[in-house]
Amino acid sequence: MDKVSSDEVFFPQAPQMERTDMKRMKWLLYGPPGIGKSTFVSQAKDVLFLTTDGGLKFINSMHRPIPNWFTFKKYVKAIAAERPKQYKAIAIDIVDSVFKMCRKYVCDKRGIEHQSDEQWGKAYDLTSSEFELEIEKIIGLDQYGLFFISHSVEKEVKTRLATMSKTVPTMPTQVYKIIHPMMDIVAYYGFDGKLDAAGDMGRRMYFQPTENMEAKDRTTCLPESLTIPNPEEKNGFELIERYLLDPQAKTQEKSKKIFVKRK
């Protein structure tokens, strides 16, 4: 039996992440209804949607309906066991609805109507644990990319000095606390208030947090925001991939902006 040094056991070499290895990417994408979140995600390669509504019937995608929590767990178990190779990513659309199914499952199982019906927050804890268990199973499937899709809402946030409006996902706090720390990218997809050449409202995706918007880019590859083309005209996901796969793209974008400004 070959001897293994203590250095190899306790201090393994860091894996070299390839820019083309998109299966490492975990997304939380949120924005107003109808802006095209599902369409944008469907432009990624070989995505399997676990969907809670009929919004995908006009989108060319591979999808399975999720009518209840039991069905969601069934698909998670099947994917984890079989590891189907025809998919490169999994999208949960809408994650808010999936959590509501989980909450109903726990309440029905305990014979209560609402989580607050049990003392000491027991039903809240059980719902969080049940939801987190299944989500961690999906997160652990490193061969797939992952997209959580949610809607957006404006919330009043109080600080020590003022009260301000902040754009955040609509998902309950229970869900947000579980999902957000695991994500590589949290992106807000919204309208920019401008009309394009075709007269359509322009779309923009934001990757950096501000005091008025929730966002995150753990990859450090993406700019502060990007204009996303009309999905009927161009594949917007290819634009994002260019930044994620090409380490020089962000630097080139900064240089371009500086040049234009000086001119």
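The values are calculated or read from the model by the stated rules, or taken from the named source; none is laboratory data. Quick caveat: nothing in here was measured; it's all calculated off a predicted structure. Counting neighbours? That spans all protein chains shown, and the Cβs are built from the backbone with ideal geometry, glycine included.
For region 177-217, residues that are out of contact with any Gly (no Cβ under 9 Å at 6 or more places or on another chain), within 18 Å of Met25 (Cα to Cα) and surrounded by 13 or more Cβ atoms within 10 Å (Cβ to Cβ) total 13.
Considering the conditions (1) over 27 Å from Asp125 (Cβ atoms); (2) more than 19 Å from the chain's Cα centre (by Cα); (3) surrounded by 15 or more Cβ atoms within 10 Å (Cβ to Cβ), Ala89 is excluded by exactly one of them, (2). Of all residue pairs spaced 6 or more apart or on separate chains, those with beta-carbon atoms under 6 Å, a first member in region 152-165 that is more than 16 Å from Tyr176 (Cβ to Cβ) and a second member that is among the β-branched types (Val, Ile, Thr) and surrounded by 10 or more Cβ atoms within 10 Å (Cβ to Cβ) are Met164/Val157.
Anything in region 30-78 that is modelled with pLDDT under 95, part of a helix (DSSP H, G or I) and surrounded by fewer than 18 Cβ atoms within 10 Å (Cβ to Cβ)? List them, or say none. Scanning region 30-78 gives no hits.
When you check Lys122 against the structure, is it under 17 Å from Leu28 (Cβ atoms) and more than 19 Å from the chain's Cα centre (by Cα), yes or no? The answer is no for Lys122.
If I filter region 6-23 for residues that are at pLDDT below 85, of a type outside the set (A, V, I, L, M) and in contact with a Ser or Thr (Cβ under 9 Å, 6 or more places away or on another chain), do I get at least one hit?
Quick first cut of region 6-23, residues at pLDDT below 85 only: 6-23.
Remaining after also requiring of a type outside the set (A, V, I, L, M): 6-8, 10-13, 15-16, 18-21, 23.
Among the residues that remain, those that are also in contact with a Ser or Thr (Cβ under 9 Å, 6 or more places away or on another chain) are: none.
Checked against the condition, which is being at pLDDT below 85, of a type outside the set (A, V, I, L, M) and in contact with a Ser or Thr (Cβ under 9 Å, 6 or more places away or on another chain), region 6-23 yields no hits at all.
Can you tell me which residue within region 133-152, out of those that are part of a helix (DSSP H, G or I) and within 15 Å of the chain's Cα centre (by Cα), is nearest to Val98 (Cα to Cα)?
Step one: of region 133-152, the residues part of a helix (DSSP H, G or I) are 133-139.
Now restrict to residues that are within 15 Å of the chain's Cα centre (by Cα): 135-136, 138-139.
Details: Ile135: 11, Glu136: 14, Ile138: 14, Ile139: 16 Å.
That would be Ile135.
Look at (1) among the basic types (Lys, Arg); (2) under 30 Å from Pro84 (Cα atoms); (3) part of a strand (DSSP E or B) and you find that Lys155 fails only one, number (2).
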